[in-house]
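Below: one structure, written as structure tokens.
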Amino acid sequence: MPAAAGSISIVALALFVLAACSTYLDARAEAALRDALVRVVGPAESYDVKVVGASADGSRFERVRFVGWRIARAKAPVVDRLELDLQGVVVDRREKALIAVAASRAELRLRGADLAGYLRQSGWIAEPSVVFSAPDRIAIAGTPQLGGIAVAIGEGAEFQGRLFASGSQLRLAVDRVRIGPSTAVPLLRAVIERAVNPLLDVSAYPLPAQIDAVEAGDGGLRIVTSGSRLPASAP
């Protein structure tokens with residue numbers, strides 16, 4: 001009986017050690033993955049990462065769920081929220097870099113105020129405001145600028161149009177322009193489209209590869225993306 005009790009204690013201890021090691025490896029794996037994803041996604045206020053099926057060395061993952069808030073990439077509007085689902089992820093832990101992704105899907109949320117801030121930085125419109133409406137409409141109002149100098153117009157300017165996805169870009173097709181109290185000629189629509197487009201372009205980043213859908217509403221803009229410019233597998 002004492003021998004049996006001793007055997008049970010040894011087994012229990014072994015199971016405890018294995019569980020502790022597994023927890024430690026999972027934590028290491030998530031930390032390695034988080035570092036790699038942050039380098040790809042960009043700086044943000046906060047991130048949350050969940051993994052399923054991590055390898056013992058923390059370099060391969062069956063599935064990854066990544067959520068980030070207030071992501072600020074260079075030459076792009078601030079993304080209020082990003083939900084990223086990945087499959088077949090491979091990470092170079094030493095370089096802290098993603099090296100392969102088998103499948104990728106993401107959902108981005110943009111706020112009108114953040115897109116207005118991005119347009120303000122472009123230098124061609126002062127004090128812009130942005131309003132979204134379903135299903136894919138946008139209205140942008142402000143004061144035009146030439147060479148960084150605001151052009152005084154009594155009632156300001158406003159243009160409206162439809163948002164659409166084109167490969168890796170989010171673009172705007174302008175269908176109405178108002179300058180002061182008057183509706184502008186069609187030629188000005190083309191000039192504005194050339195100045196403002198693309199509103200967002202993901203081609204400079206490993207993830208995602210393309211924009212699949214755009215949905216506008218009172219709460220902001222929802223953008224669905226997929227694909228990756230990384231290899232689908234690694235040796």
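The values are calculated or read from the model by the stated rules, or taken from the named source; none is laboratory data. Because the structure is a prediction, the values reported are computed rather than measured. Every residue, glycine as well, gets a Cβ built from its backbone with ideal geometry; the counts of neighbours run over all protein chains shown.
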*asked:* I need every pair where a residue in the range 122-136 that is among the β-branched types (Val, Ile, Thr) and surrounded by 12 or more Cβ atoms within 10 Å (Cβ to Cβ) has its Cβ under 9 Å from the Cβ of a residue that is assigned to a loop (DSSP other than H, G, I, E, B) and at pLDDT 90 or above, sequence separation at least 6 or different chains.
replied: Val130/Arg111
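For the range 55-72, enumerate the residues that are of a type in the set (Gly, Ala, Ser) and either surrounded by 14 or more Cβ atoms within 10 Å (Cβ to Cβ) or closer than 13 Å to Ala31 by Cβ (or both).
Kept after step one, since they are of a type in the set (Gly, Ala, Ser), are these residues of the range 55-72: 55-56, 58-59, 68, 72.
Of everything in the range 55-72, those that are of a type in the set (Gly, Ala, Ser) and either surrounded by 14 or more Cβ atoms within 10 Å (Cβ to Cβ) or closer than 13 Å to Ala31 by Cβ (or both) turn out to be Gly58, Ser59, Gly68.
Per-residue answers, yes or no, for (1) under 22 Å from the mean Cα position of the chain (by Cα); (2) modelled with pLDDT of 95 or more:
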| residue | (1), (2) |
| --- | --- |
| Phe66 | yes, no |
| Ala134 | yes, yes |
| Gly148 | no, no |
| Ala157 | no, no |
*Hey, can you tell me all the residues within the range 96-111 that are under 16 Å from Phe61 (Cα atoms) and not in a loop (DSSP other than H, G, I, E, B)?*
Ala97, Leu98, Ile99, Ala100, Val101, Ala102, Ala103, Ser104, Arg105
*Quick check: anything in the range 195-202 of a type outside the set (Ser, Thr, Tyr), surrounded by fewer than 17 Cβ atoms within 10 Å (Cβ to Cβ) and without any contact (Cβ under 8 Å) to a residue 24 or more places away in the chain?*
no
_Looking at the range 74-120 only, could you name the residues that are of a type in the set (Gly, Ala, Ser) and either under 25 Å from Glu215 (Cβ atoms) or under 14 Å from the mean Cα position of the chain (by Cα) (or both)?_
Ala74, Ala76, Ala103, Ser104, Ala106, Gly112, Ala113, Ala116, Gly117
*asked:* Six or more apart or on different chains, Cβ atoms under 7 Å: show the pairs whose first residue is in the range 169-182 and more than 28 Å from Pro208 (Cβ to Cβ) and whose second is of a type in the set (A, V, I, L, M).
replied: Val177/Ala184; Val177/Leu188; Val177/Ile192; Arg178/Ala157; Arg178/Ala184; Ile179/Ile153; Ile179/Ala157; Gly180/Ile153
*Among the residues of the range 159-190 satisfying the criterion of being surrounded by 17 or more Cβ atoms within 10 Å (Cβ to Cβ) and β-branched (Val, Ile, Thr), which is modelled with the highest pLDDT?*
Val174
